[in-house]
Every structure is written in C-alpha cells, then in structure tokens.
Amino acid sequence: MVSPVGEDATEESQSAAGILEAQALVEEEVPPADQDQVLNKMAQYHVIQRAGDIVMIQSEHTGTIDILTTDLESANLLGDHRKMAPPLMVPPCIWTFAKMKEFKNKLTREKGNRLVVKRGEVVTIRVPTHPDGKRVCWEFATDDYDIGFGVYFDWTPVTTTDITVQVSDSSEEEDEDEEEAELEDTVPVGDVERGSRSSLRSRYGEVMPVYRRDSHRNVQAGSHDYPGEGIYLLKFDNSYSLLRNKTLYFHIYFTS
C-alpha cells in the first residue's frame, strides 16, 4: 500500500508489483539478514519518495505488518541504509602572537617539532584526545611563506594517545576522495585560499576549514574543547604551491 494518492495508474501498478516482489521475501518471519534484501528491493521501485509516503509489508503466514515511512527514518528502521551526520562542532578559539624568533629557536632545539611540507603536499597531524585532558592546543609558524591550515575531528575510539604525522600529495587525496565518494556522499573540495570545505567521510566533524594562514608573519595559535572521544586532524596544506616547500614549526599539546 502506498500513500498519498495522486500517482497515475501506471506508476501505481509498478509500485504494487515491486511491493509484491518484496513481500515474497518476507514470508513467515523475516530474519534480520533478509531485511536488507527487502529494503533493497523496495529501493529499486522507488516506493519511498517523500515525507508521508508509507509502505506496509504483511506476512502471508504470521500476519505481521512492517511499516516503513520516510518520517520514521530517525527511529533507525532503515538501519545501515540511513546515514548519520556528525554533530556540529563548537568553533575553536584562535589568536596570534609576534615572538616568531623565540618560538622557532625553542622548537629547533626540541626533537620532532619541525618538518618540511613539500610543494603539492598535505601533512595531517593526528592528535588523539587524552584521558587526562579537556582541550587540545596548537601553535605553529613557517619560514618565509604562508600555509593552509584547518582542523577536523574523527569520531572514532581512541586506542593510543600517540601523535602521528601523515603526509600525502594532492593527487593521493583526490584518489581517496573518489573512493570515498563511491561509498557515501562527500562535499566537494574548495579553494584553500578561499577556505576549503572538507571532503572527508561522514564520521568527521569540521572544527575549522582549511584557510591560508600568514604563519610566516605571526605565530598562529588556537585551542578547542574536546567534544568527546576521538582524534583531531590538524591539516597543513601546501597543495596550492607548485614551486615552494614550506618549513613548518609546530607545538601541539593538551590541557586539563
């Protein structure tokens, strides 16, 4: 049964044929493994089209009726067929300070706080939330030229508190985006200079989009309160530069 009325006779007969075919899959009791077959079969006939459309499938033997409606998607009746959007992030607190020489000299003496982001590369520093912390903080600067910077949050269980660095070039990120687009919806990548939008998967939240920062003029700093357990992705984007490598000085830590 499909409502509301108003479809022409041909569309109704096609939908009815689709429901009968789907109904054949739910004879007796429908095991959970077979529910996906029913939903996929229904999707082929576009039964659920808009808010208010209702589909009822009744078992011939038990009389049990399953009701599916677009209004009830939030009740998780569609299981894995329904995509959850991550919660909105509270904006970070950001600021700058001018002690560039002192900042760079301090980090030069420390190990692991300086790296070169080559032309066309994107460096992602993965910072897990710490059980003793409530806030992540960052400070960074570059030599001579600016760099793109943005922060994202991965809602995934934390198995280690180690901070790791991942390097990829722009073509590799495009390949990853194409693979992810086949699995789920993505948001197109924008211009780093204007402020790009994340093309990451739906489990990622955007704390701050990637913009080009004047990190060669002032130390760029910021902090963000933990929204929960997960991993921060600090992205240093030099993909827009065809000629210049960027020397990056960074300090990342947590506070309670």
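Read-outs: derived from the displayed coordinates by stated rules, not from any lab. What you see is a predicted model; the values in this text were computed from it and never measured. Heads up, the Cβs are rebuilt from the backbone with ideal geometry, glycines too, and the neighbour counts pull from every protein chain shown.
Which distance in nm do the two modelled labels at H130 and D144 give, with both placed 7 Å along the Cα-to-Cβ direction?
3.4
Pairs K101/K235; K106/K246; K104/K134: which exceed 20 Å Cα-Cα? If you can, show how the numbers build up before the last one.
On the way: K101/K235 23 Å; K106/K246 18 Å; K104/K134 27 Å.
In this structure, K101/K235; K104/K134 exceed 20 Å between Cα atoms.
For D132, D214, what ranking results if the residue with the fewest other Cβ atoms within 10 Å of its Cβ goes first?
Details: D132 9, D214 13.
Arranged by neighbour count, lowest to highest, D132, D214 become D132, D214.
If we sort 94-104, 244-254 on the protection proxy, mean other Cβ atoms within 10 Å, highest first, what's the order? It would help to have the intermediate numbers written out before the result.
Details: 94-104: 13.5, 244-254: 17.9.
Highest mean packing first, the order is 244-254, 94-104.
Would you kindly state how much longer the chain becomes between H251 and R109 on full extension, computed as 0.36 nm times their sequence separation minus their alpha carbon distance, in nm to one decimal? Walk me through the numbers on the way to the answer.
Details: separation 142, 0.36 × 142 = 51.12 nm, distance 1.24 nm.
Gain on extension, H251 to R109, equals 49.9 nm.
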